[in-house]
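A.B. asks: Pasting a structure below so you can have a look.
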Amino acid sequence: MFTPGLLDDADSTHAEAAREMVRSGDYVTLHINGIRYLEKAPLPYWSVAFSYKVLGVNEFSTRLPMVLSVLLLGVLAFSWGRRAFDEPTGIYAGLFVYTCAGGYLFTRILIPEVLLSLLIAGSLYLFLTALESDAAAWRWYAGYVLMALGVLTKGLIALVFPCGAAFLFLLATGDWRRWKEFRLVSGLVLFLAVAAPWHILAGLRNPGTANHPGFFWFYFVNEHFLRFLGKRYPRDYNKLPAMLYWSLHLVWLFPWSFYLPAALRIAVQEWRGGRGNSGTISPSPMRQRSDFASRSRLMCWILAGVVLIFFAFSTNQEYYTFPAYLPLLLLLADGVARCEWVECRGKERVGWLTASAGLLALIGSVASGLLAMGLWQSRNLPFEADIGNVLSKQDLNAYTLSTSHMLDLSYASFAALRLPAALAAVVLLVAPLLSFLLHLYRRHYSATWILGAGFAVFLVAAHIALVRFGPYLSSKQLAQEIAARARPEDKVMIYGDQAFGSSLLFYLRRPIELVEGRTTSMWFGSTFDDAPKIYLSDTELQRDWAGGGRVFLFVPPHQKGKVDGLLPGKFIVAELSGKYVYSNRP
């Protein structure tokens, strides 16, 4: 929650939107750098703004709402797993949520996916429990409220996913005949009462005209439907190749994704009715088949399928499928717990669970060896405090995906990552291997906890590495250098798109002009007539540079050559990871 500094691009951009919300008192129209930011729904920014009001503007308060969302997601996984299956399954589900790779990786930046996942899964959990014969009516209404909050978090997909999953579930089970129990009319009224006011106010305050489409077209048509079709303007996104899209989920759910065969075996048993030959998995006396357990498995498979198939057709980033993680992890926890019971009492020493653990131990050993090789190759290289100086930079077009910076690692970078790399190498070797040995001796519960504890340590190593990447991924230190020198009347500029130095906005807390930067991230807001005049041309930069006032210019690495040719007379204020701050005065 304290480290590293807020990262450039989405992380600090979204934090700045919340900061400007508090400063301006406008909780309807988001602004960044004074420009309207109409791309996003407001709930994540409201939560961060409230955190700022209470705790001040800093990294801790920025990350607090997301940390609470992660904690609640684990609590929901535990509660759902315990109610549907049993206590060990609930414990495993919470453990899996807190220790899977994607759960860590995609909560390092301020994006709404984890909150969206919590709201979608929570609404469907309430839907399932409301179908129970003795369920209270409040569960229906609470589910409608959570869906409405989901719409205020991420837009219409928060309606599409739970409604689509519930519709398919009702078709599969035949429960659609109970539609009168669903409180459709009163639930819809409650849903609209929560979700509609902000949309209406945003439309009224940012109306369309004969020459401008306004909020409703941009938010609903451009940001929803055209984005799904890959025709959104401006184009600042990418789409993973199909094979990579599906296979990467083995990484995002690592290490628990290696127990997928156990979950699939449970699904096959459910499909066949769970009875028959000795090859099926018979439930223990403590785990008698229940209607709610079967319904939960079906709902989890449907929800995960709806999310994954939707984004397989849509444009996507790696983290878009985050709402599928909880249902998949619940299924994995159920599969692990049931296979543990069977293998504890079976005649076979090596069952599905133990075989999966053996494969994971093999993969972990290979990964540990690769890390060890990187450390060995870098043994004679000096430690470099600024890791950005020893990364091999890739084509900038590759960075449209959130995990693209993994391509930058080089042998020299291992000299700056010796501690986290060594820690990760030990964990990847020891934890999966020890877990496998415990599975062989039918100490399955201990084996699962050893693996979970090991990967908790692995995530600590990952965070140490992330902090080492801080100077490369954040411009906080450069902002501090500017703040130590700049006076209120001085100008601060970024050359190119604001995203490359957006953390300057958060830490300097002053307007920043953008030179040749009217590109993607702030395009639509800049088209309003009352948008502040923060966009400059090269000619206007040269005019101000030669003028009487002092100018600080942030230059990202890929623009340095162009700026050096454009401004022959300049002074270097600071340099970090290939990023420069120039000034026209000593």
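A.B. asks: Counting only C-alpha contacts under 8 Å and six or more residues apart, can you give the relative contact order of the chain as a whole percent?
C.D. replies: Details: 876 pairs, mean separation 97.1, N = 586.
Computed over the chain, the figure is 17 percent.
A.B. asks: What angle do you read, to the nearest 10 degrees and between 0 and 90, between the alpha-carbon axis of helix 184-205 and the longest principal axis of the chain?
C.D. replies: 10
A.B. asks: Using a 10 Å cut-off on Cβ atoms, rank the peptides 326-333, 352-359, 530-537 from the highest mean neighbour count down. Walk me through the intermediate numbers first.
C.D. replies: Working: 326-333: 28.0, 352-359: 21.1, 530-537: 14.4.
Order by mean packing, descending: 326-333, 352-359, 530-537.
A.B. asks: Report which label in (1) 45, 32, 18; (2) 48, 28, 19; (3) 40, 32, 23 holds the value of semi-axes √(5λ) of the Cα gyration tensor in Å derived from the coordinates of this structure.
C.D. replies: Looking at semi-axes √(5λ) of the Cα gyration tensor in Å for this model, the match is (1).
A.B. asks: Run the dipole for the chain about the Cα centre, Lys and Arg Cβ at +1, Asp and Glu Cβ at -1, nothing else charged, and hand back the magnitude in debye, nearest 20. Provide the component values of the computation, followed by the final result.
C.D. replies: Values: 53 positive and 41 negative charges, 201 e Å.
With only Lys, Arg, Asp and Glu charged at Cβ, the dipole is about 960 debye.
A.B. asks: Could you check what % of the DSSP bridge pairs in the chain are antiparallel, to the nearest 5? All intermediate terms of the calculation are to be shown ahead of the outcome.
C.D. replies: On the way: 12 of 21 bridges.
Rounded to the nearest five, the antiparallel share is 55 percent.
A.B. asks: Okay, moving on. Can you compute 3J(HN,Hα) from phi for each residue in the stretch 47-57, using the Karplus curve 6.51 cos²θ - 1.76 cosθ + 1.60 with θ = phi - 60°, rounded to whole Hz and x for Gly and Pro?
C.D. replies: So the Karplus estimates, Gly and Pro as x, are 5, 5, 4, 4, 4, 5, 4, 8, 10, x, 8 Hz.
A.B. asks: Then there's this: Could you list the chymotrypsin sites (Phe, Trp or Tyr not before Pro) in the stretch 157-255 that lie in coil according to DSSP, counting only those with at most 13 other Cβ atoms within 10 Å of their Cβ?
C.D. replies: Values: sites: F167, F169, W176, W179, F182, F191, W198, F215, F216, W217, F218, Y219, F220, F225, F228, Y237, Y245, W246, W252; in loops: Y237.
Sparse-neighbourhood loop chymotrypsin sites (Phe, Trp or Tyr not before Pro): none present.
A.B. asks: Something else: Which shape class, rounded, prolate or oblate, goes with the stretch 476-583 when its Cα gyration tensor gives a ≥ b ≥ c as root eigenvalues, a/c under 1.5 marks rounded, and past that a/b bigger than b/c marks prolate?
C.D. replies: On the way: a/c = 1.34, a/b = 1.24, b/c = 1.08.
Here the stretch 476-583 falls in the rounded category.
A.B. asks: Measuring from label point to label point, each 7 Å out along Cα→Cβ, what is the K239 to A10 span in nm?
C.D. replies: That separation, rounded to one decimal, is 1.8 nm.
A.B. asks: Between S294 and V185, 0.36 nm times their residue separation minus their Cα-Cα distance comes to what?
C.D. replies: 36.4 nm
A.B. asks: Still on this structure, please answer the following. To the nearest 20 debye, what charge dipole does the stretch 1-85 have about its Cα centre, counting +1 at the Cβ of each Lys and Arg and -1 at the Cβ of each Asp and Glu? Don't skip to the answer; put the middle values down first.
C.D. replies: Details: 8 positive and 8 negative charges, 96 e Å.
Here the size comes out at about 460 debye.
A.B. asks: Give the residue from M21, P327, L250 lying farthest towards the positive end of the charge dipole for the chain; charges sit on Cβ (+1 for Lys and Arg, -1 for Asp and Glu) and the dipole is referred to the Cα centre.
C.D. replies: The Cα lying farthest towards the positive end belongs to P327.
A.B. asks: What is the angle, in °, between the Cα long axis of helix 352-377 and the longest principal axis of the Cα atoms in the chain? Nearest 10 is fine, range 0 to 90.
C.D. replies: So the helix axis and the longest Cα principal axis differ by about 30 degrees.
A.B. asks: Mind ordering 444-457, 53-66 by average Cβ neighbours within 10 Å, highest first? Walk me through the numbers before you get to the answer.
C.D. replies: On the way: 444-457: 20.4, 53-66: 16.9.
Descending mean neighbour count gives 444-457, 53-66.
A.B. asks: Would you list, by chain and number, the lysines whose Cα falls below 17 Å from the Cα of K40, excluding same-chain residues fewer than 8 positions away?
C.D. replies: Once the sequence-local lysines are set aside, what remains near K40 is K154.
A.B. asks: Any idea what the dipole of the stretch 67-341 comes to, in debye rounded to 20, about its Cα centre with Lys/Arg Cβ at +1 and Asp/Glu Cβ at -1?
C.D. replies: Charge dipole of the stretch 67-341: 400 debye, to the nearest 20.
Taken together, the values in this text are just the output of simple stated rules run on the coordinates, not laboratory data. It should be emphasised that the depicted structure is a prediction, and the values quoted were computed from it without experimental measurement. Positions of Cβ are backbone-derived with ideal geometry, glycine not excepted, and every protein chain shown enters the neighbour counts.
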